[in-house]
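Visitor: Here it is, the structure, as structure tokens.
Read the figures in this text as sums done on the coordinates, not as results from a lab. All values reported here derive from a predicted model rather than from experimental measurement. Every residue, glycine among them, receives a Cβ derived from its backbone with ideal geometry; neighbour counts consider all protein chains shown.
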Amino acid sequence: MWKSIIYKEWLKVRWYLIAATLLLGIFVSYMFINVQHTIAFMQANNYWNVIVFRKEQYFHLIKYLPLLIGIGIAIAQYVPEIIQKRIKLSFHLPNNENKIILTMMGFGNLSLLACFSIVFLIFVGLSNYFFPYEIVNEAIVTILPWFIGGLAGYSLVSLIVLEPIWKYKMFYMVVAALFIPIYYESGVSGAFEPINFKLTIIALLISVSLLFSAYRFRKGEM
Amino acid sequence: MEKISRYILVFITILAFSIFLPEFYWMSFGKPIKSEFVLYSCIDNDFIISQGPKTTDNKGNKLTVQQKEQKLPLLNMRQLMLDGIFPDSINGVEMDPHVIGVHKSFFRSQPKDIVGPLPRIFPLFESESGRVKLELPNDFFRISWRMEFIDTETNSINEEKSRMFSAVLQKRGFAFPAKLIAGIPTTRKSCDEGYVVTDSDDQLFHIKMIKGRPYVQKVKKSDDLKFKHIACVDFRDKKYYSYMISNENEIYILTQDDYELIKFPIKGFNPEKEELRIFGDIFNYNIIRIGKNYINVDALNKKYEKIANYSNSWSSRDEKTEGKVFSYIFPAQISMFSGYTDFVNFYFTRTKGFNWLIFNILLVFAHFMIIKPRKVNYKNHLIDFSLIFITGIFGFLSVNLFQNKFFK
């Protein structure tokens, strides 16, 4: 039964997930082609100088991409479920309803994590090729909240999509619009060091928030 | 489980509101608080105070723009020369524009220069290249378990250079790694004087590169004297390498060539919360410390002796009308940025006093009126009521956005 549920989730998101990973990959590749180009034109020492002392972010291009991908996965996964209220079929299965929702949510999060991890590892690998660990470390500290924000965005958009009442959908959108920018504040490179752990914990907590609107949905809240 | 998920949503909503509602409030109603600009006048031998367009002397007499310029002739030399009223001599010292220029200096240090994401790799310039223009080297150095030079073209360690510098540092008693590395990492300076560095034992070193070879000088100081911040300067009088702030918040200078540490007679400096500005001219140093709503200025003579002090404070944002209204609405505020560091974090500031408690109690009552028609068991709403009582407007909005409606 669980295998079938996971397979159903995979069918919904597979093409989207592959396209998203490719898109992120293309952006990261472009970023480093740009790095190579800049080094060729302004020389490596000048470029390092600008990165270290003027805090230029060679990775700023991908800032909102993880968020867009997170939102996209949430839509791909949950919009089909609310069309004709198909998710109600899942709730009629002889399984714990919360477990079903958590499985769906877990699948979405793991898919996103897989996509982000692949790209993140490519990013770290290529950064290490061009820059010393001091610069790479600051870059990691800076882009981490963008990726975690992608996971938080996924959870909140899932919540909005599954919420049965439009008035509350709008309210949740306001909350998401206020909350998500926390992950995308424009700090200088390395500035997020003291907050990254807290942002991760919060993103983990939000990942179970879908249970709330799923509950309202299955209880027929109108 | 559903209830827990609701409280998680309420929690993040409270967090988001406590960041953005106060921010919107201050954006709409906040007014700028102008700090004073204070300098010691070598004509009056007293302070001149400017706030916005208004300038007075220390006795409160209003000054016109021209009077102000005449009282601060070294700051306004070009304007006074244009007007043809620049004095030939002041206090018996002949006024030679070149000499005045040599003695002029300005230094600024902010709390975020001390606490924040700071650089950890630096370029080591050639100090005696024989060229007029400085050139950015092709490698950057770090001082970890040794002094390592990283070639920027290949991103690999230059072993030979790293070994040479590390060996000399070790020979001079340097305890790896470095704690503080301070220099002027730009080609836009008059000459290169390398870096002032503290090691892991808080010993002080001056490191530079002369004709490709390491120059390392250990600075004599007492073991108790430890520094938390060093800022190198490039002033035309070439009197000292750097300003330094000790762990006891004293301000020192490190003199050039003879490596003497001179302490300024300044007490009560709080480098993590105050901005420091030092204006130097041919007669005096003005040590200006600016806090959130106060200024403290010490005038020193050229022997670094204190000759006058000025301090003043003004109403802070909280004491103004908009601050008082704020204190009735919001019990606290969370900011992601602090004026004292570039680090991003959740900076929590509790609103002073308990004015907000009245509004919070009103909101608890309002919430009671909202849920009353639903004929609920109030016991199930105790946490919501407590949240509103403590977090006020933030909690009220949050618990009503994510309603506590559960079915049997």
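Visitor: May I ask you to order B:1-8, B:316-323, B:283-290, B:84-91 by the average number of other C-beta atoms within 10 Å around their residues, highest value first?
Guide: Details: B:1-8: 18.6, B:316-323: 14.2, B:283-290: 21.5, B:84-91: 11.5.
Listed from highest to lowest mean packing, they are B:283-290, B:1-8, B:316-323, B:84-91.
Visitor: List residues of segment B:253-267, by number, whose backbone nitrogen lies under 12 Å from a label position 7 Å along Cα→C-beta of B:Ser311.
Guide: The answer is B:267, whose backbone nitrogens lie closer than 12 Å to the label point.
Visitor: With a sphere of radius 14 Å drawn around the Cβ of B:Glu23, what net charge do the other residues whose Cβ falls strictly inside it have (Lys, Arg +1; Asp, Glu -1)?
Guide: Overall, the nearby charge balance is -1.
Visitor: Let me ask you something else. Roughly how crowded by other chains is peptide B:9-18, in terms of the mean Cβ count from those chains within 10 Å of each of its Cβ atoms?
Guide: Details: counts 14, 2, 4, 13, 7, 0, 4, 9, 3, 0.
Mean partner shielding for this stretch: 6.
Visitor: Here's a follow-up. How high is the relative contact order of segment B:222-329, in percent, with contacts defined as C-alpha pairs under 8 Å that are six or more residues apart? Can you show the working numbers first?
Guide: Numbers: 179 pairs, mean separation 13.8, N = 108.
Relative contact order comes out at 13 percent.
Visitor: Only Lys, Arg, Asp and Glu count, each charged at its Cβ (+1, +1, -1, -1), so figure out the dipole size of chain A about its Cα centre, rounded to 20 debye. Before the final figure, lay out the partial values.
Guide: Numbers: 17 positive and 10 negative charges, 197 e Å.
Charge dipole, chain A, about its Cα centre: 940 debye, nearest 20.
Visitor: Also: For segment A:2-218, just say rounded, prolate or oblate: build the C-alpha gyration tensor, square-root its eigenvalues into a ≥ b ≥ c, call rounded for a/c under 1.5, and beyond that prolate if a/b exceeds b/c, oblate if not.
Guide: Values: a/c = 2.81, a/b = 2.09, b/c = 1.34.
Prolate, because a/c is 1.5 or more and a/b exceeds b/c.
Visitor: Sticking with this structure for a sec: Where does the charge balance sit around B:Val399 when Lys and Arg score +1, Asp and Glu -1, over other residues with C-beta under 10 Å from its C-beta?
Guide: On the way: positive: B:Arg6; negative: B:Asp384.
With Lys, Arg at +1 and Asp, Glu at -1, the neighbours total 0.
Visitor: Using a Förster distance of 51 Å, how high is the FRET efficiency between A:Leu204 and B:Lys238, based on the Cβ-Cβ distance and rounded to 0.05? Before the final figure, lay out each step's value.
Guide: On the way: r = 56 Å, r/R0 = 1.11.
FRET efficiency, A:Leu204 to B:Lys238: 0.35.
Visitor: Okay, next question. Does chain B classify as rounded, prolate or oblate by the C-alpha gyration tensor (a ≥ b ≥ c root eigenvalues; a/c under 1.5 gives rounded; else a/b over b/c gives prolate, otherwise oblate)?
Guide: Numbers: a/c = 3.04, a/b = 1.49, b/c = 2.05.
It comes out oblate by the Cα gyration axes.
Visitor: I need the fraction of alpha carbon pairs in the protein assembly as shown separated by more than 39 Å, rounded to a whole percent. Numbers along the way, then the final one.
Guide: Values: 97465 of 198135 pairs.
Cα-Cα pairs in the protein assembly as shown separated by more than 39 Å: 49 percent.
Visitor: If we sort A:33-43, B:116-126 on the protection proxy, mean other Cβ atoms within 10 Å, highest first, what's the order? Walk me through the numbers on the way to the answer.
Guide: Numbers: A:33-43: 13.4, B:116-126: 20.5.
Result, highest mean first: B:116-126, A:33-43.
Visitor: I've got another one for you. Given +1 on the Cβ of Lys and Arg, -1 on the Cβ of Asp and Glu, and no further charges, what dipole in debye does segment B:109-267 carry about its Cα centre, rounded to the nearest 20? List each step's numbers first, then the result.
Guide: Numbers: 26 positive and 24 negative charges, 34 e Å.
With Lys and Arg at +1 and Asp and Glu at -1, about 160 debye.
Visitor: Something else now. How far apart, in nm, are the 7 Å Cα→Cβ label points at B:Lys171 and B:Phe37?
Guide: It is 5.1 nm.
Visitor: So, one more: Let me check against my output: what whole-number percent is the relative contact order of chain B, with C-alpha pairs under 8 Å and at least 6 apart? Could you put the intermediate results ahead of the total?
Guide: Details: 697 pairs, mean separation 58.9, N = 408.
Averaging sequence separation for qualifying contacts and normalising by length gives 14 percent for chain B.
Visitor: Now for a separate question. Taking the Cα-to-Cβ direction at A:Arg54 and at B:Leu401 and moving 7 Å from each Cα, how far apart do the two end points lie in nm?
Guide: That separation, rounded to one decimal, is 3.9 nm.
Visitor: Further, regarding this structure: Within segment B:22-57, whose backbone N sits under 20 Å from a point 7 Å along Cα→Cβ of B:Ser89?
Guide: Of the residues in segment B:22-57, B:42-45 have backbone N under 20 Å from the label point off B:Ser89.
Visitor: What is the order of A:Trp10, B:Trp145, fewest Cβ neighbours within 10 Å to most? Let's see the in-between values first.
Guide: Numbers: A:Trp10 12, B:Trp145 9.
By the 10 Å Cβ count, ascending: B:Trp145, A:Trp10.
Visitor: If you scale each eigenvalue of the Cα gyration tensor by 5 and take the root, what three semi-axes come out for segment B:109-267, rounded to whole angstrom and sorted largest first?
Guide: On the way: eigenvalues 122, 66, 47 Å².
Result for segment B:109-267: semi-axes of 25, 18, 15 Å.
Visitor: Further question: For peptide B:148-157, how many partner chain Cβ atoms fall within 10 Å of a residue's Cβ, on average?
Guide: Details: counts 1, 0, 6, 3, 11, 4, 1, 9, 1, 1.
Rounded to a whole number, the mean comes out at 4.
Visitor: Pairs of Cα atoms under 8 Å, at least six residues apart: use those to get the relative contact order of chain A, whole percent. It would help to have the intermediate numbers written out before the result.
Guide: Working: 221 pairs, mean separation 61.3, N = 222.
Relative contact order, chain A: 28 percent.
Visitor: Here's another thing I want to ask about it. Quick check: convex hull of the Cα atoms in segment B:10-58, volume per residue, rounded to a whole Å³? If you can, show how the numbers build up before the last one.
Guide: Working: hull volume 4.7 nm³, N = 49.
So the per-residue hull volume is 95 Å³.
Visitor: Just rank B:His103, B:His367, fewest to most, by other beta-carbon atoms within 10 angstrom. Don't jump to the answer; show the numbers that get you there.
Guide: Working: B:His103 17, B:His367 21.
Sorted ascending by nearby Cβ count, the order is B:His103, B:His367.
Visitor: Does anyone have the angle between helix B:2-29 and the longest principal axis of chain B? Alpha-carbon axes, 0 to 90°, nearest 10?
Guide: So the inclination is approximately 60 degrees.
Visitor: I would also like to ask the following. Quick one: net charge of B:Leu387's neighbours, Cβ under 14 Å, K/R +1, D/E -1? Each step should come with its number before you reach the end.
Guide: Values: positive: B:Lys3, B:Arg6; negative: B:Asp384.
Taking every Cβ under 14 Å from that of B:Leu387, the sum is +1.
Visitor: At 7 Å along the Cα-to-beta-carbon direction for both A:Asn46 and B:Asn58, put a label point, then send me their distance in nm to one decimal.
Guide: Going by the 7 Å Cα→Cβ label model, 5.0 nm.
Visitor: Separate question: Can you classify segment B:145-215 as rounded, prolate or oblate using the Cα gyration tensor, where a ≥ b ≥ c are the square roots of its eigenvalues, rounded means a/c under 1.5, and otherwise it's prolate if a/b beats b/c and oblate if not? If you can, show how the numbers build up before the last one.
Guide: Working: a/c = 1.57, a/b = 1.08, b/c = 1.45.
Note, shape of segment B:145-215 comes out oblate.
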